Amino acid sequence: MADNSKTEDTASESLEAAKNASNKKEKLADQVMQNPQVLAALQERLDNTAVTPSSYIETFPKAVIRRIDALKKLQVKCAHIEAKFYEEVHDLERKYAALYQPLFDKRREFINGEAEPTDAEAEWHSENEDEEKLAGELKNAVVIDEKAEETNVKGIPDFWFTIFRNVDMLSELVQEYDEPILKHLQDIKVKFSEPGQPMSFSLEFHFGPNDYFSNSVLTKTYKMKSEPDKTDPFSFEGPEIVDCEGCTIDWKKGKNVTVKTIKKKQKHKGRGTVRTITKQVPNDSFFNFFSPIKVSGDGESLDEDSEFTLAADFEIGHFFRERIVPRAVLYFTGEAIEDDDNVCMQLAVCLLAST
């Protein structure tokens with residue numbers, strides 16, 4: 001019996017010792033895992049041991065890797081051929097821009113009241129012909145002084161300004177004090193670079209006489225590149241905007257909306273007197289669009305905010321060129337905006353369905 005008792009005591013002590021040792025290990029493990037340096041080392045070990053495409057390829061025999069390198073060289077040649085393709089696309093854009101221009105010129109005439117469309121030019125069959133027929137009957141039932149209407153309304157009032165107001169991307173840039181100026185906007189044109197010149201396009205904003213600046217045209221030129229980057233040729237996805245240039249706006253006295261005047265009190269250190277100084281500081285305005293951030297030419301990178309601003313500027317330039325100018329009337333009526341919203345909705349549904 002005594003031997004059995006001793007055996008039980010020994011077993012109990014061993015279990016207690018094992019339990020204590022386990023607790024110590026857990027505490028030590030907790031302490032280790034709370035050490036940032038240890039965690040970083042473990043993460044690095046995990047990253048290094050993770051299977052990636054490159055690590056998988058490294059397991060191939062040298063002969064296979066040699067063939068893969070040859071494929072990459074072929075891919076670079078494909079990128080250069082693709083760049084030539086986009087250069088020819090730019091030439092086609094220039095050719096067809098000349099064909100579009102007479103139509104855009106007529107559009108400008110109708111908008112600004114320089115010409116009236118003929119009955120044939122104004123004939124339009126919409127999807128809601130029944131509603132229009134009813135509206136026509138109601139119109140005939142009401143006496144309208146058409147001569148008075150013709151006298152008071154010229155062209156299509158506030159055509160381009162309404163587009164700015166309808167499109168979120170543009171309305172976000174427009175301040176209340178920009179609005180009276182934009183109401184003088186008569187036309188927006190896209191001009192492509194000439195053959196043999198570096199790839200670019202310019203936006204021309206044509207303004208009627210106004211009390212704000214003397215320029216009749218404000219321009220913004222976007223410089224483009226259509227060639228693979230020597231350091232990263234596989235990133236090439238077509239022409240990209242690499243820089244842009246604005247123009248000088250000849251503001252009339254006291255009418256520059258891109259700056260505001262502030263008064264600041266300044267105390268003289270020696271005499272203790274206080275004086276009020278007046279200075280001008282930058283002001284939010286759509287017309288800052290014509291004074292873009294310059295891409296640094298000395299290799300220095302822009303800060304994050306500047307890069308974001310420049311990327312947004314490039315996006316707006318593309319939007320004017322590819323959407324606003326070619327389809328202006330549909331952005332004026334809102335139909336193009338509805339189409340854009342429908343496309344976004346369809347994309348969202350597809351993304352949800354794939355998840």
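The values are calculated or read from the model by the stated rules, or taken from the named source; none is laboratory data. Just so it is clear, the model here is predicted, and its values are computed rather than measured. Cβ atoms come from the backbone with ideal geometry, glycine included; neighbour counts cover every protein chain shown. Please note that ligands, DNA and RNA were not included when accessible areas were found on the heavy atoms of the full protein model with its side chains. Shrake-Rupley method; radii C 1.70, N 1.55, O 1.52, S 1.80 Å.
Assorted remarks:
- Subset of the stretch 228-287 (residues that are at pLDDT below 80, among the hydrophobic types (A, V, I, L, M, F, W, C) and open to solvent by 80 Å² or more (accessible area, probe 1.4 Å)): VAL274
- Restricting LEU218, LEU203, LEU170, LEU182 to those that are surrounded by 15 or more Cβ atoms within 10 Å (Cβ to Cβ), closer than 22 Å to GLU87 by Cβ and modelled with pLDDT of 95 or more reduces the list to LEU203.
- Only residues that are small (Gly, Ala, Ser) and closer than 22 Å to PRO228 by Cα were counted across the stretch 60-74, and they come to 1.
- Qualifying residue in the stretch 111-134 (condition: within 30 Å of GLU204 (Cα to Cα), assigned to a helix (DSSP H, G or I) and at pLDDT 95 or above): yes
- Qualifying positions in the stretch 185-200 - open to solvent by less than 60 Å² (accessible area, probe 1.4 Å) and not β-branched (Val, Ile, Thr): LEU185, ASP187, LYS189, PHE192, SER193, MET199, SER200
- Residues being open to solvent by 20 Å² or more (accessible area, probe 1.4 Å), modelled with pLDDT of 95 or more and not in a helix (DSSP H, G or I) - total across the stretch 301-344: 2
- Some residue of the stretch 187-200 being farther than 20 Å from ARG107 by Cα, aliphatic (A, V, I, L, M), at pLDDT below 95 and in contact with a helix residue (DSSP H, G or I) (Cβ under 8 Å, 6 or more places away or on another chain): yes
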